[in-house]
Amino acid sequence: MYSRSQNALILSTTSSFFLWGIIATIGPLSLSFPFLSGVSVPIRTLILSTGPVFVLLGNLSMGYFADRVGRKTVFITTMISYSIGVIAITFANTLPMLLVGLILSQFGVGGEEPSSLALVAEDFDAKKRASVLTLVANFSNIGSFFISGIFIVAASATTSLTGLFNIIFPSDFALSDDLFRFVLLLSSIVLVGIMVYSRIRIPESYRWLNYKGRKEQGLKVKQSLNLEGSENNIQHKSKFISMFFLVSMAISQYLTFGLMAYIIGPTEFSGSESSELIFYALLGASIAGFIAMPLVSRNRKSYTFYAYMGGFLSMVVIFALVNYLSNLLIFIPLLIVNMAFSEFAWASRTTLEPELLAIKHRSFGIGIIRMFPMILYIVSISLTANFSIYQFILYNLGLWSLGALGAAIWMFYGTETRNISLDY
């Protein structure tokens with residue numbers, strides 16, 4: 001069982017990732033807002049790119065500060081940022097106001113990711129670390145699944161609800177728009193409230209405190225945690241191989257996940273079909289996250305290899321049936337399977353990144369590794385804006401082959417990190 005401090009940490013980080021999933025999905029879903037109907041391809045690309053740009057900036061800047069001032073300390077800045085951002089999105093009826101909301105909210109949630117992963121990894125023992133990291137990260141999928149489902153339900157709302165939402169929002173918003181914004185605001189208030197409650201109770205990383213020479217404080221935190229089993233001081237093999245693997249794995253998984261979950265719908269399909277694809281993609285990923293929890297806790301190397309090979313092979317099948325993907329009855333099951341393997345790969349990433357980075361730059365290092373896929377993802381949004389669906393799937397197949405290659409190299413030459421100590 002987990003200690004009270006560890007339960008508070010799980011509650012804090014799952015709430016944060018749930019909100020991140022909501023905010024990450026707002027950009028693609030907002031293209032169906034009435035005031036954005038019929039926008040040009042450059043404006044659509046701008047909206048889809050704004051979030052990833054500021055997630056990247058949040059990752060790097062807050063990751064840097066988390067290594068210097070503490071994992072927990074950066075949460076104050078990030079909570080303020082995304083709280084203001086969500087309010088701006090909720091009441092946005094112009095493009096500039098929507099962009100301001102996306103900038104602040106994405107910077108905030110992006111800034112929490114490296115510090116949250118580092119804190120969870122460092123305050124849990126080797127036996128529980130992988131499953132808790134996978135659980136926490138999966139709440140991003142669940143948040144996206146939740147808000148895309150609300151969007152679909154709101155689109156079919158009856159006009160009898162108009163009076164309720166006109167009290168809160170301007171009357172010139174569509175009813176479905178009103179309902180969606182209301183749920184967005186309400187869920188964000190609840191989530192931020194949970195985070196404030198839990199973060200008062202979470203400890204700083206005892207490993208980080210020890211590294212900073214605050215041994216007595218670190219000992220008190222360690223005693224408040226339920227830590228079991230032993231950890232091994234494993235000697236890493238080539239740092240070049242580790243970095244090549246982490247970067248190639250991140251590029252492959254991050255780009256294919258984002259492109260298939262969030263971009264293929266708005267780019268290749270109509271408004272209603274687009275939101276359905278986002279919904280089912282995140283459904284597949286959310287279910288897979290729970291399946292991955294016990295699997296990733298076993299041998300990391302073989303798990304990672306099978307996750308990436310599964311993603312590659314499922315994309316081969318999608319590519320073979322590319323001429324039939326306009327039929328959602330064919331495409332959606334294939335998409336769910338592919339997103340499940342993408343989630344398996346994500347579980348490997350969120351576990352191996354903190355395990356393969358030293359404590360003095362663990363949080364910032366996570367941000368640095370993610371810088372490469374995030375930049376390429378932003379480029380890919382523009383690159384694929386005018387792709388045919390054949391070109392889009394072929395591009396994703398190439399990305400999965402990169403991940404499969406990295407996983408194969410790691411299988412034979414990498415370090416098994418299952419019981420590795422994070423104090424190095």
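The values are calculated or read from the model by the stated rules, or taken from the named source; none is laboratory data. What you see is a predicted model, and the numbers here were worked out from it, not measured in a lab. Cβ placement follows ideal geometry from the backbone for every residue including glycine, while neighbour counts extend to all protein chains displayed. Protein only, heavy atoms only, side chains kept; ligands, DNA and RNA dropped before computing areas. Shrake-Rupley method; radii C 1.70, N 1.55, O 1.52, S 1.80 Å.
With respect to being open to solvent by less than 30 Å² (accessible area, probe 1.4 Å), among the aliphatic types (A, V, I, L, M) and in contact with a Ser or Thr (Cβ under 7 Å, 6 or more places away or on another chain), residue 195 fits the description. Report yes if residue 131 is more than 17 Å from the chain's Cα centre (by Cα) and either open to solvent by 10 Å² or more (accessible area, probe 1.4 Å) or farther than 24 Å from residue 199 by Cα (or both), otherwise no. So residue 131 does not fit the description; no. The single condition among (1) open to solvent by 50 Å² or more (accessible area, probe 1.4 Å); (2) touching a Gly at 6+ places or on another chain (Cβ under 9 Å); (3) under 24 Å from residue 282 (Cα atoms); (4) without any contact (Cβ under 8 Å) to a residue 60 or more places away in the chain that residue 46 does not satisfy is (2).
If I filter segment 77-89 down to residues being crowded, with 20+ Cβ neighbours inside 10 Å and among the β-branched types (Val, Ile, Thr), which single residue comes out as farthest from residue 13 (Cα to Cα)? Looking at residues that are crowded, with 20+ Cβ neighbours inside 10 Å and among the β-branched types (Val, Ile, Thr), I get 89. Is it fair to say residue 136 is surrounded by fewer than 22 Cβ atoms within 10 Å (Cβ to Cβ) and at pLDDT 80 or above? Answer is no for this residue. Residues being in a helix (DSSP H, G or I) and modelled with pLDDT of 90 or more are represented in segment 234-247 by at least one member.
The test for being open to solvent by 10 Å² or more (accessible area, probe 1.4 Å), modelled with pLDDT under 85 and under 27 Å from residue 202 (Cβ atoms) holds for residue 1.
Whether any residue in segment 97-107 is at pLDDT below 90 and out of contact with any Ser or Thr (no Cβ under 6 Å at 6 or more places or on another chain) is what I want to check. It would help to see each step written out before you state the result.
Our first condition is that a residue be at pLDDT below 90; within segment 97-107, this holds for none.
Scanning segment 97-107, I find no residue that is at pLDDT below 90 and out of contact with any Ser or Thr (no Cβ under 6 Å at 6 or more places or on another chain), so the answer is no.
Among all positions in segment 2-15, there is at least one residue which is touching a residue at least 60 places away in the same chain (Cβ under 8 Å) and over 16 Å from residue 195 (Cα atoms).
Taking segment 43-60 on its own, how many of its residues are out of contact with any Ser or Thr (no Cβ under 9 Å at 6 or more places or on another chain) and either closer than 21 Å to residue 255 by Cβ or at pLDDT 90 or above (or both)? Summing the residues that are out of contact with any Ser or Thr (no Cβ under 9 Å at 6 or more places or on another chain) and either closer than 21 Å to residue 255 by Cβ or at pLDDT 90 or above (or both) in segment 43-60 gives 9. Counting just the residues of segment 287-317 that are open to solvent by 10 Å² or more (accessible area, probe 1.4 Å) and in contact with an Asp or Glu (Cβ under 8 Å, 6 or more places away or on another chain), which one comes out farthest from residue 246 (Cα to Cα)? So the residue we want is 299. The residues in segment 377-399 that are of a type in the set (Val, Ile, Thr), under 17 Å from residue 43 (Cα atoms) and assigned to a helix (DSSP H, G or I) can be counted, and the count is 3. Residue pairs whose Cβ atoms lie under 7 Å apart, separated by 6 or more positions or on different chains, with the first residue in segment 205-227 and in contact (Cβ under 8 Å) with a residue 24 or more places away in the chain and the second open to solvent by 90 Å² or more (accessible area, probe 1.4 Å) and assigned to a helix (DSSP H, G or I), are 206/222; 211/360. Restricted to segment 250-346, the set of helices (runs of 4 or more DSSP H) holding at least 1 residues that are modelled with pLDDT of 95 or more comprises 271-296, 300-320.
Out of all the residues in segment 221-228, is one or more at pLDDT 85 or above, in contact with a Ser or Thr (Cβ under 6 Å, 6 or more places away or on another chain) and more than 30 Å from residue 412 (Cβ to Cβ)? Yes, that holds for at least one residue. The numbered conditions (1) in a helix (DSSP H, G or I); (2) over 20 Å from the mean Cα position of the chain (by Cα); (3) under 24 Å from residue 342 (Cβ atoms) are all true for residue 221 except (3).
Out of curiosity, is residue 320 open to solvent by less than 50 Å² (accessible area, probe 1.4 Å), among the aliphatic types (A, V, I, L, M) and at negative phi? So residue 320 fails the test.
Residue-wise test of (1) among the β-branched types (Val, Ile, Thr); (2) crowded, with 23+ Cβ neighbours inside 10 Å; (3) modelled with pLDDT of 90 or more; (4) on the phi < 0 side of the Ramachandran plot.
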site: 382; (1), (2), (3), (4): no, no, no, yes
site: 395; (1), (2), (3), (4): no, no, yes, yes
site: 403; (1), (2), (3), (4): no, yes, yes, yes
site: 409; (1), (2), (3), (4): yes, no, no, yes
site: 421; (1), (2), (3), (4): no, no, no, yes
